[in-house]
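Asker: Below: one structure in structure tokens.
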Amino acid sequence: MTRTLIALIKRDLNLAWRQGGGALLGTVFFAVAVVLFPLGVGPEPNTLARIAAGVLWVAALLAAVVSLDRLFEADHDDGSLDGLALLPLPFSLVVAAKCLAHWLASLLPVVIISPFLGLMMRLEGDALVALVLALLLGTPGLSFIGAIGAALAVGLRRAGALLSLLVLPLYIPALIFGVAAVEAARMGLDPAPHLMLLFGVTLFAVVIGTAAATAALKFDLE
Amino acid sequence: MADSLVASKVTARRGGRLVFRDLDLAVFPGEAVILRGPNGAGKSTLLRLLAGLLRPEAGDITRAGVAIADDPESHRADLHYIGHSLALKGILTAAENLAFWAEARGGDAADAASALAKTGATAFANLEVRRLSAGQQRRVSLARLFVTPATLWLLDEPTVTLDQAAVAALARNMTDHLAAGGMIVAATHVELGLEGARVMEMAASPYDAEAAA
């Protein structure tokens, strides 16, 4: 069972890297979106630091949505989804493995470059640490919640726009706690309670996202 | 209990349309059933039902006496389903595609080469699948039958786009599989010359005609 899941994650990572920037598209989107803000708002450090947490989080949410649309679509189009549904293990584990692969390929790079963009947005010290921790704990939930939208949108045309409408409202809890953690640290307060709540949101997302995406895909197979 | 695949009184409906009603089918080791019938008769639907991808509206499908809905995982572990779509990734090579399916089904990635040899796909094992012709892609897809051993093969129009040599190779592989105690249900209009294969004629859904009248 573990071997199957590792094989699946390896394949999805491999495909993400080879698909000519499929994986990096979300990361580049994240970087470009954040870089636009100092240009638009002006380089005044206090202003930038005040909006930094919100800007970085919203950019991360958008990066997640941008990279989600092919999560199940590609496997559906070429018939692989049938083969995956017929692997000798619960289909929900297959779905969860694909979500994890999506996070590793598309959102972990966002977490990795976030401190540099945070510095550019004039976050410092504890706030910068809180930002990276919050993204690390919060972004896995984005992949799993996003999977619900990606599964529902399988087989639809213009799925991308529909996907953002479906998924972005569901990202609000992660956005609120994620921003609160960074803001708390910036004010010299302890971000830990917010981070714990954020991680709770992620765990909830893993359970609900896997179950709902599995149900939607099974409906699609029928 | 000996292996078997039995469908009894199965009724299938897709998208609100009744495809067939009270269908019976039984396959035992060493046997093949060839599904024939006009387009829309429900051959693909039946194969998807037998795989467990669809659920029948009524009736039972059992594997070795156990309802497949009760133990889907052991049923899935011992079957290969090859549908219309190839289930291959265009940007991976033939060998990489097969290695994935081998590993995912609990086999060994090293078995990919021998699986490709079975369907005459060795020559283009290291080419990206998108660079292959339709028939070559079909050969690679059929090689999935050999990445891990499975008793039951469910084949939906496996000969589409294959050349004569590849069809003959497929027939040979199917004969060998039956001789080794395998079970096959295949929808095909090509005469494969399998010994002991039963042909099941599926009529066009009478309910369509009724609705049209």
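The values are calculated or read from the model by the stated rules, or taken from the named source; none is laboratory data. Remember, it's a predicted structure, so these values are computed and weren't measured experimentally. When we count neighbours, we look across all protein chains shown, and the Cβ atoms used for this are built from the backbone with ideal geometry, even at glycine. Areas reflect the complete protein model, heavy atoms only, side chains present, ligands, DNA and RNA absent. Shrake-Rupley method; radii C 1.70, N 1.55, O 1.52, S 1.80 Å.
Asker: Sorted from largest to smallest, which semi-axis lengths in Å does the alpha carbon gyration tensor of chain B give for its equivalent ellipsoid, taking the root of 5 times each eigenvalue?
Answerer: Values: eigenvalues 171, 76, 55 Å².
Whole-Å semi-axes of the equivalent ellipsoid: 29, 19, 17.
Asker: Please compute the Kirkwood hydrodynamic radius of the range A:98-222 from all pairs of different C-alpha atoms, in Å with one decimal.
Answerer: Numbers: mean 1/r = 0.0656 Å⁻¹.
With all distinct Cα pairs of the range A:98-222 included, I get 15.2 Å.
Asker: Based on Cα positions only, what radius of gyration and what Dmax would you give for the range A:85-159, in angstroms?
Answerer: Over the range A:85-159's Cα set, Rg and Dmax evaluate to 16.1, 51 Å.
Asker: Give the residue from B:Ala204, B:Ser85, B:Leu170 lying farthest towards the positive end of the charge dipole for chain B; charges sit on Cβ (+1 for Lys and Arg, -1 for Asp and Glu) and the dipole is referred to the Cα centre.
Answerer: The Cα lying farthest towards the positive end belongs to B:Ser85.
Asker: For B:Ala180, what charge total do you get from the other residues with a beta carbon under 15 Å from its beta carbon, if Lys and Arg give +1 and Asp and Glu give -1? Could the numbers behind the result be given before it?
Answerer: Values: positive: B:Lys118, B:Arg172; negative: B:Asp3, B:Glu31, B:Asp78, B:Asp176, B:Glu195.
Within the 15 Å Cβ shell, the charges total -3.
Asker: Follow-up. Dividing the Cα radius of gyration by the Kirkwood radius, what Rg/Rh value follows for the protein assembly as shown?
Answerer: Working: Rg = 25.4 Å, Rh = 23.8 Å.
With Rh from the inverse mean 1/r over Cα pairs, Rg/Rh is 1.07.
Asker: Additional query: Where does chain A land on Rg/Rh, using Cα atoms and the Kirkwood Rh?
Answerer: On the way: Rg = 17.7 Å, Rh = 17.7 Å.
Here Rg/Rh amounts to 1.00.
Asker: Give the Cα extents of the range A:77-120 along the principal axes, in whole Å, largest first.
Answerer: Its Cα atoms span 48, 21, 8 Å along the three principal axes.
Asker: Another question, then. So for the protein assembly as shown, if I pair up every lysine 8 or more residues apart or on another chain, how many of those pairs have alpha-carbons under 21 Å apart?
Answerer: Working: A:Lys10/A:Lys98; A:Lys10/B:Lys89; A:Lys98/A:Lys218; A:Lys98/B:Lys89; A:Lys218/B:Lys43; B:Lys9/B:Lys43; B:Lys89/B:Lys118.
So the count of such lysine pairs works out to 7.
Asker: Against the 2.2 N^0.38 Å scaling, with N counting residues, where does the range B:89-149 land? I'd like the Cα-based Rg ratio to two decimal places. Kindly include the intermediate steps, with their values, before the conclusion.
Answerer: Numbers: Rg = 10.0 Å, N = 61, 2.2 N^0.38 = 10.5 Å.
In units of the 2.2 N^0.38 Å rule of thumb, it is 0.95.
Asker: Just want the answer: with Cβ charges of +1 for Lys and Arg and -1 for Asp and Glu, which residue in B:Leu18, B:Pro149, A:Thr47 is farthest toward the dipole's positive end in the protein assembly as shown?
Answerer: In the protein assembly as shown, that residue is A:Thr47.
Asker: For the protein assembly as shown, report the accessible area per residue in Å² (1.4 Å probe, heavy atoms, rounded to an integer).
Answerer: Details: 18740 Å² over 435 residues.
Using a 1.4 Å probe on heavy atoms only, each residue of the protein assembly as shown averages 43 Å².
Asker: Can you pull out the GluC sites (Glu not before Pro) in the range B:16-101 whose DSSP state is coil and whose Cβ has at most 16 other Cβ atoms within 10 Å? Could you put the intermediate results ahead of the total?
Answerer: Working: sites: B:Glu31, B:Glu57, B:Glu73, B:Glu96; in loops: B:Glu31, B:Glu57.
When the GluC sites (Glu not before Pro) of the range B:16-101 are filtered for loop state and at most 16 Cβ neighbours within 10 Å, B:Glu57 remain.
Asker: Quick one: dipole size for the range A:2-221, taken about the Cα centre, charges +1 on Lys/Arg Cβ and -1 on Asp/Glu Cβ, in debye to the nearest 20. Before the final figure, lay out each step's value.
Answerer: On the way: 12 positive and 13 negative charges, 39 e Å.
Rounded to the nearest 20 debye, it is 180 debye.
Asker: Round to the nearest 0.05 the FRET efficiency obtained for B:Gln164 and A:Val132 when R0 = 45 Å and r is the Cβ-Cβ distance.
Answerer: Working: r = 62 Å, r/R0 = 1.37.
Approximately 0.15, to the nearest 0.05.
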